[in-house]
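The values are calculated or read from the model by the stated rules, or taken from the named source; none is laboratory data. Computed from a predicted structure; not experimentally measured. Every residue, glycine as well, gets a Cβ built from its backbone with ideal geometry; the counts of neighbours run over all protein chains shown.
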Amino acid sequence: MLHTVPALAAPLAELAAEVRPDARLLHFVDESLLQDSIAAGGPPPHVLRRVMAYAAYAEESGAGALLVTCSSIGEAAERARPFTGLPVLRIDEPMADQSVREGARIGVLATLATTLGPTTRAVQRAAARREVEREVVPRLCEGAFEALRAGDAARHDALVLDGFRELAGKVDVVVLAQASMARIVGEADGGVPVLSSPRSGIAQLGDLRTTQPG
C-alpha cells in the first residue's frame, strides 16, 4: 500500500486483515506526494515518477500489487500502469464502478480540490465503460482536510456531514472521494446510499491475476 496520509495505514491494515486475512502487507508512506500535488493543483510529473519507483520497490519486495490509497494521486497511479511490472491499483476505482450502478445522479464529496476532479473523472469513466449516462454533482467540503490535518477530527467530520446533507437531497448516491472520509459513513443518514473506498478498494486484491482496469 502506498499512503500519503500516515494515519490511514493502521485502519487500512485492520480492514485488510478482515477482508484479506491471507495477505502480507507492506506500507510505503510519503506525505510529499500529496503535498506536491496540492501545491501543483494535481500530480506533477515527478509524482508520477515516484509512484513508478514505489511500484518497482514493491515488486522487488515480492509484492503482487501496489494499492495506491490516495485519490488525489489516483490518476498518476493509472498513468504508471504501462511502465510497471505489477498491477497498480486505485483504492477508489471499485467505488466509482459501484456508484454508476446506484443511480443516474451521483454526488461526489471531497475535502480536497485535488481529489474532487480525479474522483469525478473516475466516475465519468466508469459510466462510459458501462455505456450509461450519469450526471455527477461535485461538492467540496472546504476546511475539512485542514481540520483533520491539524488534529481536529470532530470539525472535519462536522464539515463533511454538512456537505453530505447538502448533497443527499439532490442525488441518488453519494461518493466519499477520500478514504479518510469513510469515518463518517455511520452518521450519514440522508436516505441515499453512501459509498466509501476502503473496503471495496481492498477487496479488489482478492484476485491479482485479473487484468488491470484501464
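A few notes on this one:
Yes/no matrix, rows are residues, columns are (1) at positive phi; (2) β-branched (Val, Ile, Thr); (3) under 14 Å from the mean Cα position of the chain (by Cα):
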{"site": "47", "(1), (2), (3)": "no, yes, no"}
{"site": "58", "(1), (2), (3)": "no, no, no"}
{"site": "69", "(1), (2), (3)": "no, yes, yes"}
{"site": "82", "(1), (2), (3)": "no, no, no"}
{"site": "96", "(1), (2), (3)": "no, no, yes"}
{"site": "110", "(1), (2), (3)": "no, no, yes"}
{"site": "123", "(1), (2), (3)": "no, yes, yes"}
{"site": "138", "(1), (2), (3)": "no, no, no"}
{"site": "144", "(1), (2), (3)": "no, no, no"}
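- For the stretch 94-107, the set of residues classified as surrounded by fewer than 24 Cβ atoms within 10 Å (Cβ to Cβ) and not in a loop (DSSP other than H, G, I, E, B) consists of 94, 97, 98, 100, 101, 102, 105, listed by residue number.
- Candidates in the stretch 58-84 are the residues that are outside any helix (DSSP H, G or I) and β-branched (Val, Ile, Thr); of these, the one that is farthest from residue 40 (Cα to Cα) is 84.
- Residues of the stretch 1-31 that are assigned to a helix (DSSP H, G or I) and touching a Ser or Thr at 6+ places or on another chain (Cβ under 8 Å): 7, 8, 12, 31.
- For residue 164, the conditions (1) touching a Leu at 6+ places or on another chain (Cβ under 8 Å); (2) farther than 21 Å from residue 69 by Cα; (3) modelled with pLDDT under 90 all hold with the exception of (3).
- Residues of the stretch 34-54 satisfying the condition of being touching a Pro at 6+ places or on another chain (Cβ under 9 Å) and either among the polar types (S, T, N, Q) or modelled with pLDDT under 90 (or both): 37
- Assessment of the stretch 181-192 against the conditions (under 19 Å from residue 100 (Cβ atoms), in contact with an Asp or Glu (Cβ under 8 Å, 6 or more places away or on another chain) and outside any loop (DSSP other than H, G, I, E, B)) yields no matching residue.
- Any hit, the stretch 26-33, residues being at pLDDT 95 or above, out of contact with any Phe, Trp or Tyr (no Cβ under 8 Å at 6 or more places or on another chain) and buried (at least 17 other Cβ atoms within 10 Å of the Cβ): yes
- Residue 171 being touching a strand residue (DSSP E or B) at 6+ places or on another chain (Cβ under 6 Å), surrounded by 15 or more Cβ atoms within 10 Å (Cβ to Cβ) and over 23 Å from residue 12 (Cα atoms): yes
- Residue 99 meets the conditions (1) outside the structural domain of residue 137 (by TED's automatic domain parsing); (2) within 30 Å of residue 166 (Cβ to Cβ); (3) among the hydroxyl-bearing types (Ser, Thr, Tyr) in every case but one. The failed one is (1).
- Condition check for residue 105: assigned by TED's automatic domain parsing to the domain that holds residue 163 and modelled with pLDDT of 95 or more: yes
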